[in-house]
Amino acid sequence: MDLIQRLTQDRDRLVDRWAELILETYPPETQEVWRKQSDRFANPVGAAINDSARDLFDVFLQWDDAERVAEALDQLVRIRTVQNFKPSQALCFVYLLKKVLRETYMKELAQCDGLEELMGLETRIDTMGLIALDLYTQAREKIFQMRVNEVKRTQHNLLRRARMIVDSPATGADER
């Protein structure tokens with residue numbers, strides 16, 4: 001049985017372990033709350049992490065389309081982009097899959113000369129990391145642009161309230 005078939009067979013156990021490692025990247029208080037709360041409405045972020053890890057693992061096994069990989073990564077990357085993580089911390093979840101695979105299969109594959117197959121899968125994980133970096137950068141740029149637009153809007157409203165700008169229906173904002 002090749003490694004992909006083994007991963008497919010062990011899917012639920014591997015995804016649960018991966019989701020657990022992702023959860024461990026959060027502060028202990030958050031981990032405790034998310035572990036206790038299994039209701040997806042009371043714990044939408046925890047549910048999204050579990051769902052995303054499951055979807056991403058399935059796409060990882062199929063590995064037939066970079067666009068599908070990006071779609072599977074998108075939700076988890078967006079969640080971690082808006083949270084208080086450094087970029088390396090936000091994207092470490094991708095590489096935690098390597099840890100799961102090594103913990104589970106490294107010794108066995110080393111004994112039967114199967115490490116080459118594992119290295120091939122780790123190359124997939126590295127590629128997922130690069131795609132995640134692109135998605136993270138796009139999401140951060142969007143957040144920063146939203147912040148800039150909010151500052152501009154706030155300044156415009158302050159100037160209008162101070163009667164330094166008068167809105168004109170024909171031309172927009174005119175200075176007095």
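The values are calculated or read from the model by the stated rules, or taken from the named source; none is laboratory data. Computed from a predicted model, the values in this text were never measured in an experiment. Using ideal geometry, Cβ is built from the backbone for each residue, glycine included, and neighbour counts are taken over all protein chains shown.
Checked against (1) in contact with a Lys or Arg (Cβ under 6 Å, 6 or more places away or on another chain); (2) at pLDDT below 95; (3) under 24 Å from ILE4 (Cα atoms), CYS112 passes all but condition (1).
Restricting the first member to region 100-117 and to residues that are more than 19 Å from PHE57 (Cβ to Cβ), and the second to residues that are surrounded by 14 or more Cβ atoms within 10 Å (Cβ to Cβ) and hydrophobic (A, V, I, L, M, F, W, C), the beta-carbon pairs closer than 6 Å and six or more apart or on different chains are LEU115/LEU109. Residues in region 58-90 that are within 18 Å of THR30 (Cβ to Cβ), in contact with a Lys or Arg (Cβ under 9 Å, 6 or more places away or on another chain) and without any contact (Cβ under 8 Å) to a residue 60 or more places away in the chain: ALA90 only. Applying a threshold of 6 Å to beta carbon distances and a minimum spacing of six or more residues, or different chains, the list of pairs starting in region 129-141 at a residue that is closer than 12 Å to GLU67 by Cα and ending at one that is surrounded by fewer than 16 Cβ atoms within 10 Å (Cβ to Cβ) and not polar (S, T, N, Q) is empty. Exactly one residue out of ALA42, ALA53, ALA70, ALA90 is under 13 Å from the mean Cα position of the chain (by Cα) and surrounded by fewer than 18 Cβ atoms within 10 Å (Cβ to Cβ): that is ALA70.
Here ASP134 meets each of (1) surrounded by 15 or more Cβ atoms within 10 Å (Cβ to Cβ); (2) of a type in the set (Asp, Glu); (3) within 12 Å of the chain's Cα centre (by Cα) with one exception, condition (1).
Filtered by the rule that a residue be loosely packed, with under 14 Cβ neighbours inside 10 Å and under 18 Å from ARG102 (Cβ atoms), region 17-39 gives a lone residue, GLU24.
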